[in-house]
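Please treat every number below as a calculation from the coordinates, not as lab data. Because the structure is a prediction, the values reported are computed rather than measured. Neighbour counts are summed over all protein chains in view; Cβ atoms, including those assigned to glycine, are modelled from backbone coordinates with ideal geometry.
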């Protein structure tokens with residue numbers, strides 16, 4: 001009888017102990033605070049920027065990610081690309097979503113070198129259109 005109680009207790013306690021140990025082992029790593037994460041305006045100094053709001057579950061976002069990987073290297077020396085995943089739940093992301101009133105993904109916001117919004121694109125666009133927007137960004 002006592003053996004059965006001990007076995008049943010171990011069956012429940014061992015997984016709980018393992019869960020607790022694994023859960024707390026990650027808490028000793030360095031956590032980033034909102035001050036540690038660069039703000040979009042701090043990343044650029046005198047350079048135009050593209051803010052790309054995206055999601056991993058969005059097919060149009062995946063299409064735009066492939067398109068940016070293909071097109072953007074040509075512009076990477078003069079334009080800063082900031083990709084923001086709307087699902088990460090970080091304070092920085094939530095602030096940017098509110099600041100730029102993001103209601104749809106993918107959304108690309110093109111900012112000039114003075115951090116003024118020049119263009120907003122919601123949804124997927126063609127390669128030629130993206131190149132035209134990047135070329136016109138000063």
*asked:* Relative contact order for region 40-136: what percent, with Cα pairs under 8 Å and sequence separation of 6 or more?
replied: 39
_region 40-136: antiparallel DSSP beta bridges as a percent of all, rounded to 5_ = 60
*Within 10 Å, count the other beta carbons around each residue, average over each peptide in 131-137, 78-84, 106-112, and list them highest first.*
106-112, 78-84, 131-137
*asked:* Shape verdict for region 65-104, please, from the Cα gyration tensor: rounded (a/c under 1.5), prolate (a/b greater than b/c) or oblate.
replied: prolate
*Quickly work out the residue 97-to-residue 126 label distance, labels modelled 7 Å from Cα along the C-beta direction, and quote it in nm with one decimal.*
3.2
*Would you please classify the overall shape of region 40-136 from the alpha carbon gyration tensor, given that a ≥ b ≥ c denote the square roots of the eigenvalues, rounded means a/c under 1.5, and beyond that prolate means a/b larger than b/c while oblate covers the rest?*
oblate
*Modelled label-to-label distance, residue 11 and residue 47, 7 Å Cα→beta-carbon offset: nm?*
6.0
